[in-house]
Amino acid sequence: MRQKARTGDTEGTLRAAQAALAAEHAAVYGYGVLGGRLEDSRRSDATAAGDAHRARRDALTRTVRDLGGTPVAAHAAYTLPFAVRDPATAMRLAAVLEDRVAGVYSDLVRAAPGPARQDAAAALREAAVRAVRWRGTGVAFPGLTEKAAPPDGTAEAGATGVTH
């Protein structure tokens, strides 16, 4: 009986880790797009955020393997939730990416035990802080904003993005 509970826990953790990995792939792609649209003063912020997402992506790849799964692969391209034409829309995209990454990490916090939960909570916190820096304001419950309606009536893609 105990073994079955462990298997179920591992399966839930693996699903949540795969979702977080997919979101990190999308975030890495998104930062590659928006970095070229930012003014010099914010470009270093985007580079640091992109580096942080690559590091989290690599750690999640190891986590998925440790859980017995095959890591979900990145897509060649993702459909962005809106056109990124200038610094303002680039900063808006960065905030959206961070909100969505925080959302999948909140799921991983609920699913993972022990140190994996602590890592997921740290990733959620980091994404929430970056979102505030990009947006200029915070949200009441970081990681739960993906359940809310998109702002300004925009149709925004999910955290994992839509391939094209």
*Which residue pairs have Cβ atoms under 6 Å apart, sit 6 or more places apart or on different chains, and have a first residue in the stretch 68-93 that is aromatic (Phe, Trp, Tyr) and a second that is not in a loop (DSSP other than H, G, I, E, B)?*
Tyr78/Ala26; Tyr78/Tyr29
*Collect the residues in the stretch 55-95 that are more than 16 Å from the chain's Cα centre (by Cα) and of a type in the set (Phe, Trp, Tyr), keeping them in residue-number order.*
Phe82
*Candidates Thr61, Thr70, filtered to the one that is among the β-branched types (Val, Ile, Thr), open to solvent by 60 Å² or more (accessible area, probe 1.4 Å) and under 26 Å from Arg117 (Cβ atoms)*: Thr70
*Does Ala111 satisfy the criteria of being under 15 Å from Ala16 (Cα atoms), modelled with pLDDT of 95 or more and open to solvent by less than 40 Å² (accessible area, probe 1.4 Å)?*
yes
*Just a yes or no: is a residue in the stretch 62-75 farther than 20 Å from Gly138 by Cα and touching a Phe, Trp or Tyr at 6+ places or on another chain (Cβ under 8 Å)?*
yes
*Report, by residue number, each residue of the stretch 67-121 that is assigned to a loop (DSSP other than H, G, I, E, B) and in contact with a strand residue (DSSP E or B) (Cβ under 8 Å, 6 or more places away or on another chain).*
Tyr78
_Scope the stretch 30-49; condition modelled with pLDDT of 95 or more, farther than 13 Å from Trp134 by Cβ and either open to solvent by less than 70 Å² (accessible area, probe 1.4 Å) or not in a helix (DSSP H, G or I) (or both); matching residues_ = Gly32, Val33
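The values are calculated or read from the model by the stated rules, or taken from the named source; none is laboratory data. Owing to the predicted nature of the structure, the values given are computational and were not obtained by experimental measurement. Cβ: placed from backbone, ideal geometry, glycine included. Neighbour counts: every protein chain shown. For the accessible areas, the whole protein counts, side chains as well, though only heavy atoms, and no ligand, DNA or RNA atoms are used. Shrake-Rupley method; radii C 1.70, N 1.55, O 1.52, S 1.80 Å.
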